[in-house]
Number of protein chains: 2
Amino acid sequence: MALPPTTAAELAARCDHTLLAPEATEERIAALVAEGIDLAVASVCVTARMVPVAIAYAGSRVPVCSVVGFPSGAHVSDVKAAETAEAVDGGAAEIDVVADLGAVAAGEWDAVTRDIEAVRAACGGRVLKVIVEAGLWDPERLATVCLAAVDAGADFVKTSTGFHAGAGGATVDAVRTMAAAVHGRALVKASGGIRTTDDALAMLAAGADRIGCSATRAIVDGFAATGGR
Amino acid sequence: MALPPTTAAELAARCDHTLLAPEATEERIAALVAEGIDLAVASVCVTARMVPVAIAYAGSRVPVCSVVGFPSGAHVSDVKAAETAEAVDGGAAEIDVVADLGAVAAGEWDAVTRDIEAVRAACGGRVLKVIVEAGLWDPERLATVCLAAVDAGADFVKTSTGFHAGAGGATVDAVRTMAAAVHGRALVKASGGIRTTDDALAMLAAGADRIGCSATRAIVDGFAATGGR
């Protein structure tokens, strides 16, 4: 767990500036990338379909993060691996993959791990974040799926897709549980419903190292307006 | 557009009995398949991840339908094609793929068509349904995306994933618009939020040939209870 940000730039550097609406146009992705470069965010996070577009606009000025198996996670491992390979070949620096939630629900931990390992193998040394859809699970199952992700090579465990109606978004409690479970063996990304500076700071204080958000400029500007307190 | 069903069995034969919750376990898929066989539905519709499970339980007793690029559609065409090929190799008889909604929003009709053509090529002679997320579009754009799907080889145009918070589910108006647009060159599948016998009959009366639903037994039993009127 990193120190809390003391400047707006430090907060921006913790944000994955995100646009995952499936009906987003190339024009909106271009605007996202431009804003991400301007704010100097950790990455711009887009759908696999939009990776080539994001890379074309980003060049090397901001890392591009692609979601994989998103948002259901209910694809076969080979397909998740192929999608990862295509994103990485296209220039994605980070991969956010949704875990096999059916296997999590059934407690089939070997299946959960193997699925993530296939994506880890396909993404090489890129940053791998595993989305566990935290809102679906009790704390014990949430901790277990986080450990399975770490065993499979995850660099981050990530709370939520933001697209599962029953699971909701990130919560302070979920971030705390996840950070305690991985205990420094991986980092935590909080995402889903984080819209304000206070939301973002609460997630960081709870143990998140990275925030996924769309209202990144408002979050960063809000922090700057308080003098970086 | 087919004649309205006159018996419960005819209604069941128009239903894709569906379970797409990403956290559904193999046990729940097995129960879905058993119910689908019992009701003699058109197909059981599952996630790509669950195709091998559904086939293992179904054998040749009920067709298995796999969703592809689901529910966002925001995957590259090669990945949608690979997912289709894997589902077909595994025994899926029908493929429901989500269109490239970003391209639809931008009016990039060539991109929309090429994306579907890649899936058509991968699924050979299997039944191909293209999900257009009808609730996102005005009637003119909805008609245009349906025609693009037909030009690319779709057997059905399908209203909704049921997983897009902003788009909602099937409506009578959307089904009418889609049926008028394809004008017999393809069939229409209504899905998303169809929970009662009245819902199902309204969609069929509006021009749907197929219904996607989870409460299939209640829908069919409700029809039987009215004497098949």
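The values are calculated or read from the model by the stated rules, or taken from the named source; none is laboratory data. Since the model is a prediction, treat every value here as computed from it, not as a measurement. Virtual Cβ from ideal backbone geometry, glycine too; neighbours counted across all protein chains shown. In case anyone asks, the SASA skips ligands and DNA or RNA and just uses the protein heavy atoms, side chains included. Shrake-Rupley method; radii C 1.70, N 1.55, O 1.52, S 1.80 Å.
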Query - Difference of contour (0.36 nm per residue) and Cα-Cα distance, B:Asp198 to B:Glu27 - result: 58.6 nm
Query raised in the report: Which distances in nm, rounded to one decimal and ordered from shortest, link the label point of A:Glu117 to the equivalent label points in the other identical copies, with labels set 7 Å from Cα toward Cβ?
Result: 4.1
Query raised in the report: Given the C-alpha centroids of segment B:54-116 and segment A:109-126, what is the distance between them in whole angstrom?
Result: 23 Å
Query - GluC sites (Glu not before Pro) restricted to segment B:88-192 and DSSP loop, no more than 12 other C-beta within 10 Å - result: none
Query raised in the report: With each label point set 7 Å from Cα along the Cα-Cβ vector, what nm distance links B:Leu3 and A:Ala56?
Result: 5.3 nm
Report task. As a check on your grasp of the helix formula, calculate [θ] at 222 nm for chain B: sum -39500 (n - 2.57) over DSSP H runs of n ≥ 4, divide by the residue count, round to the nearest 500. Result -> -13500 deg cm²/dmol
Query - segment B:1-156, accessible surface, carbon-and-sulfur percent (1.4 angstrom probe) - result: 54 percent
Report task. Can you tell me the dipole magnitude for chain A around its Cα centre, using point charges on the Cβ only (Lys, Arg +1; Asp, Glu -1), in Debye to the nearest 20? Result -> 460 debye
Query raised in the report: What does the charge dipole of segment B:43-145 about its Cα centre add up to, to the nearest 20 debye, if the Cβ of each Lys and Arg holds +1 and the Cβ of each Asp and Glu holds -1?
Result: 420 debye
Query raised in the report: What gaps in nm, shortest first, separate A:Thr7 from its twins in the other copies when you place the label 7 Å past Cα toward the beta carbon?
Result: 7.8
Requested in this report: Take peptide B:16-23, look around each residue's Cβ out to 10 angstrom, count Cβ atoms belonging to other protein chains, and average those counts.
Outcome: 6
**Report entry** chain B: Cys lacking any partner C-beta under 4.7 angstrom
**Finding:** B:Cys15, B:Cys123, B:Cys146, B:Cys213
Report summary line: Placing each pseudo-label 7 Å from Cα in the direction of the beta carbon, A:Asp89 and B:Ala121 end up separated by a distance in nanometres of 1.4 nm
Requested in this report: Of the options B:Thr6, B:Ala40, B:Ala24, report the single residue whose Cα projects farthest towards the positive end of the charge dipole of segment B:1-54 (beta-carbon charges: Lys, Arg +1; Asp, Glu -1).
Outcome: B:Thr6
Query - Long pairs among A:Lys80/A:Lys189; A:Lys129/B:Lys129; A:Lys80/B:Lys129; A:Lys80/B:Lys189; B:Lys80/B:Lys158, criterion Cα-Cα beyond 24 Å - result: A:Lys129/B:Lys129; A:Lys80/B:Lys189
Query - Backbone HN-Hα couplings from phi across segment B:109-124 [Karplus 6.51/-1.76/1.60, Hz, Gly and Pro as x] - result: 5, 4, 5, 4, 5, 4, 4, 6, 4, 4, 6, 4, 4, 7, 9, x
Query raised in the report: What is the minimum Cβ-to-axis distance for chain A, in whole Å, where the axis maps A onto B, and to which residue does it belong?
Result: A:Ala82, 3
Query - Size of electric dipole in the protein assembly as shown: Cβ of Lys, Arg +1 and of Asp, Glu -1, about Cα centre, debye, nearest 20 - result: 320 debye
Query raised in the report: Nm distances between the label at A:Ala224 and the same-position labels in the remaining copies, 7 Å along Cα→Cβ, shortest first?
Result: 6.6
